1. Among the numbered criteria (1) out of contact with any Lys or Arg (no Cβ under 9 Å at 6 or more places or on another chain); (2) modelled with pLDDT under 90, which single criterion is violated by Leu97?
2. Looking at (1) surrounded by 12 or more Cβ atoms within 10 Å (Cβ to Cβ); (2) within 19 Å of Gln4 (Cα to Cα); (3) under 19 Å from the mean Cα position of the chain (by Cα), can you tell me which one Lys67 breaks?
3. If Ala38 meets every condition in (1) touching a residue at least 24 places away in the same chain (Cβ under 8 Å); (2) of a type in the set (A, V, I, L, M, F, W, C); (3) in a helix (DSSP H, G or I) apart from one, which number is that one?
Amino acid sequence: MTEQHDELAQMVTALVECATGREQAELFARTRGHAPVARARQVAMYLSHVVLSMSLAQVGGAFGRDKSTVAHAVHQIEDLRDEPVFDDWMNGLEESLRMLFETRKTSPHVLSGVWRGVARVGRKSAGQSAPAPAIP
């Protein structure tokens, strides 16, 4: 398992944690857990596979599961998507993850200038106030 896959799984589980209230630690736990935890984990594995194009083996490695378990999770979520409310919810998560993933790619470049500007705030030379940060 690569570090990149682990980072992607962390990103997915952070989103699923926000959407379900299930903590990331629960989603990565070795035990199955209660049904709501298992379902949240299935959602995270599904999103990792479908949206981020991780293989079943890569998703399994990131979540400490076998690829057959990931395949089962993907099938479970696909079956649940027959329900319009659940399908709409999953569409929202998929779009959020896509946006998060795209934003993540550009963040280091965009934020590099912002952090330099913030670092100047609060620094004072003798008798001078710090310049205000530029607002983009």
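The values are calculated or read from the model by the stated rules, or taken from the named source; none is laboratory data. Just so it is clear, the model here is predicted, and its values are computed rather than measured. Note that we place each Cβ from the backbone using ideal geometry, even for glycine, and neighbour counts take in every protein chain shown.
1. For Leu97, the failing item is (2).
2. (3)
3. (1)
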